[in-house]
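Engineer: Dumping the structure here so I can ask a few things about it.
The values are calculated or read from the model by the stated rules, or taken from the named source; none is laboratory data. Computed from a prediction, not measured in an experiment: that's the story for all the values here. Here the Cβ positions follow ideal geometry from the backbone for every residue, glycine too, while neighbour counts run over all protein chains shown.
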């Protein structure tokens, strides 16, 4: 059983298209994240949700819109794709109970997006 | 502001040699510190973490790291490198539910 699963694993699309990446975790965690890893392997936080509530929203273009239908799912929709959006997008989850702040991140396998 | 610096984007060792990957951090509060490993085309996997207590932390695959507050460091070591250790390694600090990652160190293991 995969703890954090994302689909699709690979996505190749044309500039200007709209695409979505889905993420699900079966760990019972209350917090989920989207990270972007660029070609130099640098990891940048994009969004974080705690119990379906947006708690971290870094400087990300409005073309990126996360949605969390429930605490086990966090999807990422990207409008009007640009060349610079090409990257690997990682979903992650953690348990952030009040008073216990040392929870680690559990990562999905990543979704490699290539914009042509 | 929190930040993580990993010295050396590439480290190359011979099989059986000591592995030392350096990580320094800045944090305004006592940090939680992590090391993650990323194999090609995979997600990040936790190697070990420091929260409180013993400053020498043991992780999976024979890795360990020592939290040194005076040096603001959390270097990762392994006494004897194995070919399967070749991967990208990331140090991270966590403050107030936000993770800050270093830029990563690619470990190459030569036969």
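Engineer: Identify all residues within the range B:12-31 that are surrounded by fewer than 21 Cβ atoms within 10 Å (Cβ to Cβ) and either part of a strand (DSSP E or B) or in contact with a helix residue (DSSP H, G or I) (Cβ under 7 Å, 6 or more places away or on another chain) (or both); write none if there are none.
Structural biologist: Listed by number, the residues that qualify are B:12, B:13, B:14, B:15, B:19, B:20, B:24, B:26.
Engineer: Now for a separate question. For the structure I just gave you, tell me whether residue A:41 is within 14 Å of chain B (Cβ to nearest Cβ), under 10 Å from the mean Cα position of the chain (by Cα) and surrounded by 14 or more Cβ atoms within 10 Å (Cβ to Cβ).
Structural biologist: In short, no.
Engineer: Among (1) within 22 Å of residue B:9 (Cα to Cα); (2) more than 12 Å from every other protein chain (Cβ to nearest Cβ); (3) within 13 Å of the chain's Cα centre (by Cα), which single condition is residue B:45 missing?
Structural biologist: (2)
Engineer: Only one of (1) assigned to a strand (DSSP E or B); (2) at pLDDT 95 or above; (3) surrounded by 16 or more Cβ atoms within 10 Å (Cβ to Cβ) fails for residue A:47. Which number is that?
Structural biologist: Single failed check for residue A:47: (2).
Engineer: Could you tell me whether any residue of the range B:70-82 is modelled with pLDDT of 95 or more, surrounded by fewer than 21 Cβ atoms within 10 Å (Cβ to Cβ) and within 27 Å of residue A:89 (Cβ to Cβ)?
Structural biologist: no
Engineer: Can I ask one more? (1) surrounded by 14 or more Cβ atoms within 10 Å (Cβ to Cβ); (2) within 11 Å of chain B (Cβ to nearest Cβ): which one isn't true of residue A:29, the others all being true?
Structural biologist: Condition not satisfied by residue A:29: (2).
Engineer: Select from the range A:10-31 the residues that are assigned to a strand (DSSP E or B) and modelled with pLDDT under 95 and list them in ascending order.
Structural biologist: A:31, the sole residue that qualifies.
Engineer: Name the residues in the range A:1-26 that are more than 21 Å from residue A:94 (Cβ to Cβ) and either free of Cβ contacts under 8 Å to residues at least 40 places away in the same chain or within 13 Å of chain B (Cβ to nearest Cβ) (or both), would you?
Structural biologist: Residues satisfying the conditions are A:9, A:10.
Engineer: For the range B:33-42, name all the residues that are under 16 Å from residue B:108 (Cβ atoms) and either facing chain A (nearest Cβ under 10 Å) or outside any strand (DSSP E or B) (or both).
Structural biologist: B:38, B:39, B:40
Engineer: Scan (1) at pLDDT 90 or above; (2) surrounded by fewer than 19 Cβ atoms within 10 Å (Cβ to Cβ); (3) under 12 Å from residue A:47 (Cβ atoms) for the single condition residue A:86 breaks and write down its number.
Structural biologist: (3)
Engineer: Would you mind stating whether residue B:37 is crowded, with 19+ Cβ neighbours inside 10 Å, in contact with a helix residue (DSSP H, G or I) (Cβ under 6 Å, 6 or more places away or on another chain) and at pLDDT 95 or above?
Structural biologist: No, not satisfied.
Engineer: Next question. If residue A:100 passes every condition in (1) facing another protein chain (nearest Cβ under 10 Å); (2) at pLDDT 95 or above; (3) out of contact with any strand residue (DSSP E or B) (no Cβ under 8 Å at 6 or more places or on another chain) but one, which one does it miss?
Structural biologist: (2)
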